[in-house]
1. Below 12 angstrom from the Cβ of T34, what's the summed charge of the other residues (Lys, Arg +1; Asp, Glu -1)?
2. In terms of modelled amide H atoms, which long-range or inter-chain residues lie less than 5 Å from the amide H of G51?
3. Only residues of segment 31-59 count here: report those whose backbone N is under 15 Å from the spot 7 Å along Cα→Cβ of L126, or say none.
4. Just to confirm the filter: which chymotrypsin sites (Phe, Trp or Tyr not before Pro) across segment 47-123 are DSSP coil and have at most 14 other Cβ within 10 angstrom of their Cβ?
5. Counting other Cβ atoms within 10 Å, keep those with at most 11, restrict to DSSP loop, and tell me which trypsin sites (Lys or Arg not before Pro) in segment 88-140 are left.
Amino acid sequence: MSGMSVPVTPSPSSRAPGTSSMWRPPRTFAPGSTALGVTPRQASLLAYSAGWISGLVILVLEPADRDVRWHAAQSLLGFGFLTLVAGLLLALAGISLFTSLTLFRVCLWGAQILIAVGLLLWIWSLLQVARGREPRWPWLGGWTERLSALSSAPDLSQHQR
């Protein structure tokens, strides 16, 4: 034990007045970071990381950065639509298993194709954002713009005096 050093914590009387030993997050964000405390590129990658679920989470948690909100909205709408349609096709396949084997096969193949398309879009979107580019999915442009323009942060500028 003689070779080990023990960290010394300052006594409460040696700390600056009004400070405590507990860590507190900064009140302002570093330049170039988002409300999540990461860079916009990292937040955009997070928006695509778990499909529509991460898109929803980022869209709710990021009030200000318009680019990050755009990626989150596209992830939510795109992957949400693919998940919904694939789920409906799988449900229809399950129901048609008892009535029509042909309909079962068509619905099952359709769901598998949608899942494969979703996987390819997911990989492509992550790679595009990692390279600093904007992955624009077809047919989602207007919806993505409208959803990302909705601000989840209240406007406090008039209340601060």
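Rule-based calculations on the coordinates, nothing more; no lab input. These figures come from a predicted structure and were not determined experimentally. A quick note on method: Cβ atoms are made from the backbone with ideal geometry, for glycine too, and the neighbour counts reach across all protein chains shown.
1. Residues near T34 contribute 0 overall.
2. Here the answer is none, since no amide H 5 or more places off falls under 5 Å of that of G51.
3. Within reach of a label on L126: 42-55.
4. F98
5. R131, R133
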